[in-house]
Amino acid sequence: MENGSFEITDKDIMGRIGKLKTPHGVIETPTLFPVINPNIDFIHPRELRRLGAQGVITNAYIIYRTNNLREKAVKRGIHDLIGFQGPVMTDSGSYQLSVYGDVEITNSEIIEFQNIIQADILTPLDIPTPPYVTRAEAEEDLKTTSSRLKEAKKIHSEIGDDRLLVGPIQGSTYCDLRTNSVKTAESIGFDIYAIGGMVPLMDNYEYSTVTEIIIEVKKCLSPSRPVHLFGAGHPMMFAVAVALGCDIFDSAAYALYAKNDRYLTPQGTLKLNEIHYFPCNCEVCSSYTPQELRTSEDKERLLAIHNLHTTFTELDTIKQAIKSNTLFELVEMRIRSHPSLLEGWRNAIFKKDFASTIERFDPSYKRTFFYTGIESCYRPAVIRHQKKTLELKIENREVSISFSPHIDAEFYFKPPFGIYHRALKESYPVGHAEIPSIIEAETIETGLKNLKEFIEKNKHVRITLICDTRWKNLISEFFDQIPTNVSFREVK
Ligand code: GUN
Ligand code: ZN
């Protein structure tokens, strides 16, 4: 395996498990690089590794402008400086640029510096354009970012070694600029593509815009590329981000939240002061009561350890869901953690181009289909099943469709799928689908829409619907007028 190579081993939705080779070892994605502040030894990287970190990220710009750090890093390398022998990614100071307006370093200087200190993954000095700036500003920034990416690539090629180079994607909230940014970056050629300028959106829980931008980027980027999402650190959103095709995260959230007495869970953030019982069994939560933790002198560090534990446990949960092809079920649980996240996911699945994008990627065979709510109606398994139903060639002049699985018929009906042939009773998806008998009106309509289209497509066939009075009423209500080729056989 060559450095920079990315090998995908498992897939679900647009998420994947992959192996990324770096000079200091192979990383299994999806994963998160915790941010290390080179100035303060808050949690030693040895501890980060023990808690699940495969790599870390630190800021080359902070090291560069701090004399004693710079000297040590130049002399002994970044791994020795921070005491971590695994893969180290360095950021360029772009984030400082976005917060303070400027930095005292050029793009070429910071790339060369990251090379000198022997970082495994190098980042150019891109411009993290904030959301909702004017189009002119976003275009202007992107022009600068693009020329810096070209320059970074040239320097990286001249170095001629095998470190990984990151290609940041910018363009603010303009989807076409994001597309242009991807095209430019991909034509230059990078080892990792990083979606940038997202921190303000995530801080404001604007997940609708977050999902839109991720989809826009993924739509035009080759699926073989590893994708990094800059600054995403809340475990609540990992399942959604992975499902949309993000592979690597980096964040200081574990530490920043700990500083403010915030306790992370995959269902959202809790205030330590309001916790009566810990919903976690990590080394911290099983050794301290909430009251003991509140009054501990080591509170901040212990909270950070819990936050990291929760972060890596959630990433393992996601990887397991990818392996067992149950990522939809996990995502549909996690989006219920916060209405903004629910909105973000709905914004994704309601989009036609997303539906066709996930249809290209989502595995067509899985073992189970657990219905969790109306979002389940938008899974490719449902859409593909309905498409196939309408492509069926019906040879017989009469067919029967039963609304009860216990009555013999040629076809059966099961929302949200619609109709299915009896030969599929034991097959994925429809035969394996677990659907509660009490469901939302929208889910029934999704199934009835398929029935209606089937009837319209097969006008030459006499169709008998075998159902009880409740279904007969629902069907009659759904069809303004019962088509002439349809009759009912009412059963109890
Ligand atoms: N950290 C958070 N956002 C960004 C970004 O857009 N670019 C870089 N280089 N680092 C970031
Ligand atoms: Zn815990």
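The values are calculated or read from the model by the stated rules, or taken from the named source; none is laboratory data. Keep in mind the model is a prediction, meaning the values are calculated, not measured. Please note: Cβ atoms are built from the backbone with ideal geometry, for glycine as well, and neighbour counts cover all protein chains shown.
For residue 187, state whether it is away from ligand 1 (no atom under 15 Å from the Cβ), part of a helix (DSSP H, G or I) and among the small types (Gly, Ala, Ser). For residue 187, the condition - away from ligand 1 (no atom under 15 Å from the Cβ), part of a helix (DSSP H, G or I) and among the small types (Gly, Ala, Ser) - is met.
For segment 437-462, a residue qualifies if it is over 16 Å from residue 388 (Cβ atoms), assigned to a loop (DSSP other than H, G, I, E, B) and of a type outside the set (Lys, Arg), and the qualifying residues are 437, 438, 439, 440, 460, 461. Across segment 372-385, not a single residue is classified as modelled with pLDDT of 95 or more, closer than 30 Å to residue 284 by Cα, among the β-branched types (Val, Ile, Thr) and in contact with a Gly (Cβ under 9 Å, 6 or more places away or on another chain). Counting only residues that are among the small types (Gly, Ala, Ser) and touching a residue at least 24 places away in the same chain (Cβ under 8 Å), segment 451-492 holds 1 of them.
Only a single criterion out of (1) in contact (Cβ under 8 Å) with a residue 60 or more places away in the chain; (2) touching a helix residue (DSSP H, G or I) at 6+ places or on another chain (Cβ under 9 Å) is not satisfied by residue 162, namely (2). Exactly one residue out of 334, 346, 360 is at pLDDT below 95, in a helix (DSSP H, G or I), more than 23 Å from residue 453 (Cα to Cα) and of a type in the set (D, E, K, R): that is 360.
Looking across segment 217-240 at every residue that is in contact with a Gly (Cβ under 9 Å, 6 or more places away or on another chain) and small (Gly, Ala, Ser), the one that is surrounded by the fewest Cβ atoms within 10 Å (Cβ to Cβ) is identified as 231.
Residue 182 fulfils the conditions (1) surrounded by 24 or more Cβ atoms within 10 Å (Cβ to Cβ); (2) within 16 Å of ligand 1 (Cβ to nearest atom) except for a single criterion, (1).
Give the residue, chosen from 265, 311, that is touching a strand residue (DSSP E or B) at 6+ places or on another chain (Cβ under 7 Å), within 14 Å of ligand 2 (Cβ to nearest atom) and under 27 Å from residue 339 (Cβ atoms).
311
Can you tell me which residues in segment 395-436 are under 31 Å from the mean Cα position of the chain (by Cα) and part of a loop (DSSP other than H, G, I, E, B)? Please lay out each step first, then the result.
Pass one, segment 395-436, residues under 31 Å from the mean Cα position of the chain (by Cα): 414-418, 427-436.
The answer is 415, 416, 417, 427, 428, 429, 435, 436.
Select from segment 19-76 the residues that are under 26 Å from the mean Cα position of the chain (by Cα) and among the small types (Gly, Ala, Ser) and write down the one among them that is surrounded by the fewest Cβ atoms within 10 Å (Cβ to Cβ). Selected residue: 25.
All conditions in (1) within 11 Å of ligand 2 (Cβ to nearest atom); (2) surrounded by fewer than 17 Cβ atoms within 10 Å (Cβ to Cβ) hold for residue 285, with the sole exception of (2).
Listed here are the residues, each with its yes/no results for (1) within 22 Å of residue 367 (Cβ to Cβ); (2) touching a residue at least 24 places away in the same chain (Cβ under 8 Å).
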{"residue": "286", "(1), (2)": "no, no"}
{"residue": "308", "(1), (2)": "no, yes"}
{"residue": "314", "(1), (2)": "no, yes"}
{"residue": "327", "(1), (2)": "yes, yes"}
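The helices (runs of 4 or more DSSP H) found entirely in segment 46-160 that carry 3 or more residues being within 12 Å of ligand 1 (Cβ to nearest atom) are 94-100, 107-116, 135-159. Which of (1) among the aliphatic types (A, V, I, L, M); (2) within 29 Å of residue 207 (Cβ to Cβ); (3) in contact (Cβ under 8 Å) with a residue 60 or more places away in the chain is the odd one out, the single condition residue 407 does not satisfy? Here residue 407 meets the rest and fails (2). When residue 463 is tested against (1) farther than 26 Å from residue 366 by Cα; (2) touching a Pro at 6+ places or on another chain (Cβ under 6 Å); (3) hydrophobic (A, V, I, L, M, F, W, C), just one condition goes unmet, and that condition is (2). Step by step: first the residues of segment 95-120, then only those that are closer than 18 Å to residue 37 by Cβ and at pLDDT 95 or above, then the one that is surrounded by the fewest Cβ atoms within 10 Å (Cβ to Cβ). Which residue is that? This residue is 113. If you go through segment 268-277 and keep only what is within 13 Å of ligand 2 (Cβ to nearest atom) and either within 16 Å of residue 48 (Cα to Cα) or touching a residue at least 24 places away in the same chain (Cβ under 8 Å) (or both), you end up with just 272.
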